[in-house]
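Taking it in order: structure first as structure tokens, then the write-up.
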Amino acid sequence: MGRNTTITPQSAPNRRNTELMMLGFAVLVPVLAYVNIGLAGDGRLPAGLATYGLGLGALAFVAHLVVRKFAPYADPLLLPLATFLNGMGLVLIYRIGLEPTRGRSKALQTAPTQLLWSALGIILFLAIVAFLRDHRILQRYTYTAMAVALVLLVSPIPFPAVNGAKIWISLGPLSFQPGEFTKIIVTVFFAGYLMVKRDALALASRKVVGLYLPRGRDMGPILVAWLLSLLILVAERDLGTSLLFFGVFVVMLYIATERTSWLLFGLGLSAAGAGLVGSIEPHVKSRVHAWLDPLYYYDVPIDKLTVTDSDQLAQALFGYGSGGLLGKGLNQGYPGEIGFAANSDFILTSVGEELGLAGMMAIFMVYGLLIERGLRTALAARDPFGKLLAAGLSVVMALQVFVVAGGVTGLIPLTGMTMPFLAQGGSSVLTNWALVAILIVISHTARRPAAPVEAGQIAAIQNSRGGRRRRNNSDVPNQQLDPADADELAPPTPVHGSPLGDLPDAPANAASGSPDGPNGAPAPPPAGADDATQITARPPAGFAEPAPPDAMTVPGGVPGVPAPPATPPRPAAPPEQSSGSQPGHPPIGDTTGPSGPRGHSQ
């Protein structure tokens, strides 16, 4: 009797011990920076060192345990990188709170509040990792996500403006930015929409001046997104969310279609819209003016300054120049000169002044690693929705870092957004921890090895009449399945004599029913073969391939699934006669021609 073959894929390491070791460094470095702040100030350890160190370490360790249990094959660097950035953000917020900022009579310490928000963010992270076991569930709510995102985007309009922008919702003592949560929700919608429409958007186009431009009816989604971004810019005066919203859509559209024309078209619309609104909206116009001339604030008399004029960018540039290459040291600079946004929009300025260019580059490298691991997760994902979702979330992080860093360094106008994990803000830290959690879920699904399966069961399920009918009548032909089931539901391997046809690379005489046996008889089976069909893999190059059997039986098949009936050998095709050849044998000489080797069409 034949033997069943167990296909056991090589198991991938889960790398959880690596993650735990990296978490130790991610907690230790911020704690040492916290100690450095106290020693540089009054020569003593700072108050609350135990609370801060133990709190951050406990939160990181609990997050590690949950990932180890529910996502053991997730990327090992995502959690440590996020923990490091969150810890350094707490250190910088604590340092800025030691001194009164310009315009305030006393210092306002907000580090304990931010630590509380960080704990809530990690709790949200744990909930997503534990309960969102399959990211493809989010695909069901594609259009629901868009409706929720629209409601969140327009909800701050009735509320009064804060610092010139209508991005806050205030309910008593609680205030939050709904635009932060919109980043993830809009990305879910974009991923679900583009997964369905990407073929039409990629293939249907017209070539104009060397570029494939989309058809008019295909430009509808990008025009709607463009108009919505302009609405946000005009109604809420929020340049950052507008750029982020439209930028994510254009980049994801480029990723889905691989059409450079979409990227150029989107960039053109973005530049045109920003230029139009920036020339007529006073709040945006003042930010553009401050970007073009940062020292304008000092060149005009005080009585001619307006409420929209600000010297924050000029103070930030002064701080970078004061910090130099290595910085002045923690608790040795003057980040409070920035004003009210020192611990939020301009928190990167304190890094440049007290840690120097080297410190800023280190922070940017950590952000770059976090974004790279997210894009790596997108490449490893096995379903198109997961690829687009992971890539979109990584683009959200990358664009936010670029927009904020470019604004506070004078590369682009200020946008009012905050650095992920570093800046003060509960809405921001909650959203960013949720973003990292979704990336961890996707990476776990992508890196998880397939479960062992029986070769006999695979063949019986695939070659059964019911199995073929279920595959052919599937309502979702491109449905993405769990990686553990991918091997079982892969396209079946044809076996000679089965209803599926012959092996694709079988010799021509076997395919035509004329094996090399005498008088057209089937070739004898290899020595040692029994009555049962052996399902074997293709031998390596240089080894002879055994002749396939004429019938297939499945030993140890699945109960209730009958073995497929064997088909009789096909009648031998009449051999071609040529000079120097004999009936039943291939021609002598060159057997290749326009039709391929031995008469097969290429």
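The values are calculated or read from the model by the stated rules, or taken from the named source; none is laboratory data. The model shown is predicted, which means the values in this text are computed figures rather than measured ones. Heads up, the Cβs are rebuilt from the backbone with ideal geometry, glycines too, and the neighbour counts pull from every protein chain shown. Only protein heavy atoms, including side chains, enter the accessible area calculation; ligands, DNA and RNA are left aside. Shrake-Rupley method; radii C 1.70, N 1.55, O 1.52, S 1.80 Å.
Quick notes on this structure:
- Centroid-to-centroid separation of segment 134-190 and segment 241-318 [C-alpha atoms, Å]: 22 Å
- Solvent-accessible surface (1.4 angstrom probe) belonging to S394, in square angstrom, nearest 10: 0 Å²
- I37 contributes an accessible area of around 0 Å² to the protein surface, as traced by a 1.4 Å probe with all chains present.
- Formal net charge of residues neighbouring N14 (Cβ-Cβ distance under 10 Å; K, R +1; D, E -1): +4
- Charge dipole (segment 68-143, unit charges on Cβ, about Cα centre) - positive-most of F70, A130, L116: L116
- Ordered by 1.4 Å accessible area with all protein chains kept, H289, H444 run largest first as H289, H444.
- Heavy atoms of T101: accessible area, 1.4 Å probe, square angstrom to 10: 20 Å²
- Sorting 410-418, 85-93 by average packing, meaning the other beta carbons within 10 Å per residue, from highest down gives 85-93, 410-418.
- If you take all other residues with their beta carbon under 15 Å from the beta carbon of A40, and give Lys and Arg +1 and Asp and Glu -1, the sum is -1.
- Each Lys and Arg contributes +1 and each Asp and Glu -1, all at the Cβ; summed about the Cα centre of segment 339-462, the dipole is approximately 420 debye.
- By average C-beta atoms within 10 angstrom, highest first, the peptides 235-242, 196-203: 235-242, 196-203
- When the Cα positions of P80, A40, A58 are compared along the charge dipole of segment 38-122, A40 comes out farthest toward the positive end, with charges on each C-beta of Lys, Arg, Asp and Glu.
- In the structure shown, the pairs K106/K183; K197/K285; K183/K285; K106/K328; K166/K387 are assessed against 29 Å; a Cα-Cα span above that value is assigned to K106/K183; K197/K285; K166/K387.
- Diffusion coefficient, µm² s⁻¹, Stokes-Einstein with Kirkwood Rh over alpha-carbon pairs of segment 245-343 at 37 °C and 0.692 mPa s: 196 µm²/s
- Panel values: segment 331-456, Kirkwood radius from alpha carbon pairs, Stokes-Einstein at 10 °C and 1.306 mPa s, translational diffusion coefficient 97 µm²/s.
- Charge tally around G374: other residues with Cβ under 14 Å, Lys/Arg +1 each, Asp/Glu -1 each, net +3.
- Computing FRET efficiency as 1/(1 + (r/R0)^6) for T308 and A272, where r is the C-beta to C-beta distance and R0 is 30 Å, gives about 0.80.
- Rolling a 1.4 Å probe across the protein heavy atoms gives segment 1-157 an accessible surface of 51 Å² per residue.
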